[in-house]
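Below: one structure, written as structure tokens.
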Amino acid sequence: MERVRAQVALEGPEKVVEAADHVMDVISAMHARVHSVVESDIMAEFAAHGETVSIPPELTELKQCLDRMITAAREALAQHGAAALLPALQP
């Protein structure tokens, strides 16, 4: 995903770049939260007590960010065609 986001960042359009950046920010935050839970070994404590770990709150935000990115990409495609999103692939 980072490679695709980097390509979008270089080639635009800006609305799609901003949306993709936000998606990556949320993914990074979610990854950090999950990593900290795993590193703290709290999962084993919860399992020992028959409890479960809740879904990270970033997951809901990630869905919203992806929806915004898809909407921005569709608008760019409708306005400028495929060249708006992946000009490097054009002849």
**Item:** Residue list for the range 32-72, restricted to those being among the β-branched types (Val, Ile, Thr) and assigned to a loop (DSSP other than H, G, I, E, B)
**Value:** THR52, VAL53, ILE55
**Asked** If you go through the range 25-58, how many residues are closer than 22 Å to GLU2 by Cβ and more than 26 Å from the chain's Cα centre (by Cα)?
**Response** 0
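Considering every residue within the range 10-19, establish whether at least one is acidic (Asp, Glu), surrounded by 12 or more Cβ atoms within 10 Å (Cβ to Cβ) and either part of a helix (DSSP H, G or I) or in contact with a strand residue (DSSP E or B) (Cβ under 6 Å, 6 or more places away or on another chain) (or both). Working first, answer last.
Filtering the range 10-19 down to residues acidic (Asp, Glu) leaves 11, 14, 18.
Still in the list and also surrounded by 12 or more Cβ atoms within 10 Å (Cβ to Cβ): 11, 18.
Filter once more, so that each one left must be either part of a helix (DSSP H, G or I) or in contact with a strand residue (DSSP E or B) (Cβ under 6 Å, 6 or more places away or on another chain) (or both): 11, 18.
Yes, there is a match, as at least one residue in the range 10-19 is acidic (Asp, Glu), surrounded by 12 or more Cβ atoms within 10 Å (Cβ to Cβ) and either part of a helix (DSSP H, G or I) or in contact with a strand residue (DSSP E or B) (Cβ under 6 Å, 6 or more places away or on another chain) (or both).
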**Message:** So ILE27 ticks every box in (1) more than 20 Å from GLU75 (Cα to Cα); (2) open to solvent by 50 Å² or more (accessible area, probe 1.4 Å) but one. Which box is left unticked?
**Reply:** (2)
**Fill in**
HIS22 vs (1) open to solvent by 50 Å² or more (accessible area, probe 1.4 Å); (2) without any contact (Cβ under 8 Å) to a residue 12 or more places away in the chain; (3) under 20 Å from LYS63 (Cα atoms): all pass except (2)
**Request:** State yes or no: is ARG5 open to solvent by less than 80 Å² (accessible area, probe 1.4 Å), at pLDDT below 90 and basic (Lys, Arg)?
**Result:** yes
**Fill in**
Taking first residues from the range 32-47 that are over 18 Å from LEU59 (Cα atoms) and second residues anywhere that are in a helix (DSSP H, G or I), the pairs with Cβ under 7 Å that are 6 or more apart or on different chains are MET43/VAL37
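Just to be sure before I move on: is GLU75 modelled with pLDDT of 80 or more, assigned to a helix (DSSP H, G or I) and acidic (Asp, Glu) in the structure I sent?
Working: modelled with pLDDT of 80 or more: yes; assigned to a helix (DSSP H, G or I): yes; acidic (Asp, Glu): yes.
Here the answer is yes, as GLU75 does meet what is asked.
The values are calculated or read from the model by the stated rules, or taken from the named source; none is laboratory data. Since this is a predicted model, take the numbers as computed values, not measurements. No Cβ is skipped: glycine too gets one built from the backbone with ideal geometry, and neighbour counts run over all protein chains shown. Keep in mind that these areas ignore ligands, DNA and RNA; they rest on the heavy atoms of the full protein, side chains included. Shrake-Rupley method; radii C 1.70, N 1.55, O 1.52, S 1.80 Å.
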